[in-house]
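For reference, the structure is listed below as structure tokens.
No value in this document is a laboratory result; all are computed from the given coordinates. Keep in mind that this is a model prediction, so the values were computed, not measured. Cβ placement follows ideal geometry from the backbone for every residue including glycine, while neighbour counts extend to all protein chains displayed.
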Amino acid sequence: MRANGNTVNTVLGPVPAEDLGVVAVHEALLSVVPGAEHAFDITFDRAEIFETLAAKLDDFRAHGGGTVVDSTGMFHGRDVRLCESLSRRTGVHIVASTGQGPEELLGGYFLTPQTNPPTPWPAERFADLFAREITEGMVVPRVERRGAAGLVATAATRTGATATDESLLRGAARAAAATGVAVSVRYGADALHDLGIVLDEKLPADRVVVAGLDRADAVAAGAPLEVARRGAYVALDHVGTEGDGHPTDAERADLVAELVRAGFGDRVLLSVGATGVAKGHPGNDLPYSHILTSFVPLLKARGLGEEDVRRVLVQNPCALLTVR
């Protein structure tokens, strides 16, 4: 299923990259903590879920949005058929992702294969698992494969990457290199360390986005600027979340302006990290349109022009998501 030319993998098939429009690069549609689907106190009304998500996507489109990237990866509620139906209904392009992590959210099958003693999956097995979801289609469990994933998204343990996390990161990088899609890394304790693992696999830096760089610890350490210097994309993907380890939106806007003034406007990506429907965890109920309605005015107040805004919201994600 590897697309040819200047295209992006969406759940409805490859589309020309220039058709994406404004892209929310790190969101979630249906997000389910593994096992929550079996809980006695959690309901799964499929019609209600669909209508809730459709309304949020309609709102995003009404405010100028074009594409939502569901960066939750495998086994966390990803429902390819649901995404297909939502895209047809709303006209919003949906890019789904493969990938897993962090270690604590992996199923036992991926943690303790039948070896003696048990050892983490090697990177090559993760690479094959993720690559097949791009070249052969994403798995609908026990049924079939559907459309191709458009991003490899993985995450490291918040307190620091474990041996299993390193296998995940290396596997994600190898899958990206083999298939032409980009890789997203939600860093653990040290953004530059985790980026270094991915770059050690010889994946070009401009095929990597480091997520969560608007966490307060990352900002304090100067990680956004250093990640940009190394050539990777800087994802400020908690826009609208203030406090609890995150800066204010005003401080985020200052950071974007700083990156643009330093010559790294072509490395910046923005997203809300919203959760359309959450099951088994609180989620983030901000609208996908928050950047367009509330954050863009802050950027313009800091001197960013229409060209700068278009680069961050349209051109940068288009370049990242284009299959090479």
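Taken along its three principal axes, the alpha carbon spread of the stretch 154-270 comes to 39, 30, 20 Å, from the longest extent down to the shortest. Segment Arg229..Asp285, full-extension length gain: 16.9 nm, with 0.36 nm per residue of separation and the alpha-carbon distance subtracted. In the chain, Cα pairs under 8 Å separated by at least six residues give a relative contact order of 22 percent. If R0 is 30 Å, the Cβ-Cβ spacing of Arg89 and Ala220 corresponds to a FRET efficiency of close to 0.10. Straight-line cross-link reach from Lys279 at under 17 Å between alpha-carbon atoms covers these aspartates and glutamates, not counting any fewer than eight positions away in the same chain: Glu27, Glu37, Asp41, Asp45, Glu48, Glu51, Asp70, Asp79.
Relative contact order for the stretch 60-197: what percent, with Cα pairs under 8 Å and sequence separation of 6 or more?
Numbers: 251 pairs, mean separation 32.3, N = 138.
So the answer I get is 23 percent.
Taking every DSSP helix (H) stretch of at least 4 residues in the chain, weighting each as -39,500 (n - 2.57) and dividing the sum by the residue count yields a mean residue ellipticity at 222 nm of -10000 deg cm²/dmol. The relative contact order of the stretch 176-233 comes to 37 percent, based on Cα pairs under 8 Å that sit 6 or more residues apart. In a fully extended conformation the segment linking Arg310 and Ala178 would gain 44.5 nm over its present Cα-Cα distance, using 0.36 nm per residue. Label zone of Asp244 (point 7 Å out along Cα→Cβ, amide N under 19 Å): in the stretch 54-87 this covers 71-72. Across the stretch 7-321, Cα-Cα pairs more than 36 Å apart make up 11 percent of the total. Note on the stretch 17-31 and the stretch 232-304: Cα centroid distance 14 Å, given to the nearest whole angstrom.
Could you calculate the contour length gain from Asp59 to Thr43, that is, 0.36 nm times the residue separation minus the distance between their Cα atoms, to one decimal place in nm? Let's see the in-between values first.
Numbers: separation 16, 0.36 × 16 = 5.76 nm, distance 2.47 nm.
Computed gain between Asp59 and Thr43 is 3.3 nm.
Sorted ascending by nearby beta carbons within 10 Å, beginning with the fewest, Cys83, Cys318 become Cys318, Cys83. Leaving out same-chain residues fewer than 8 places away, which lysines sit with a Cα under 26 Å from that of Lys300? The qualifying lysines are Lys56. Between Tyr109 and Ala262, the distance separating the two model label sites (each 7 Å from Cα on the Cα→Cβ line) works out to 4.3 nm.
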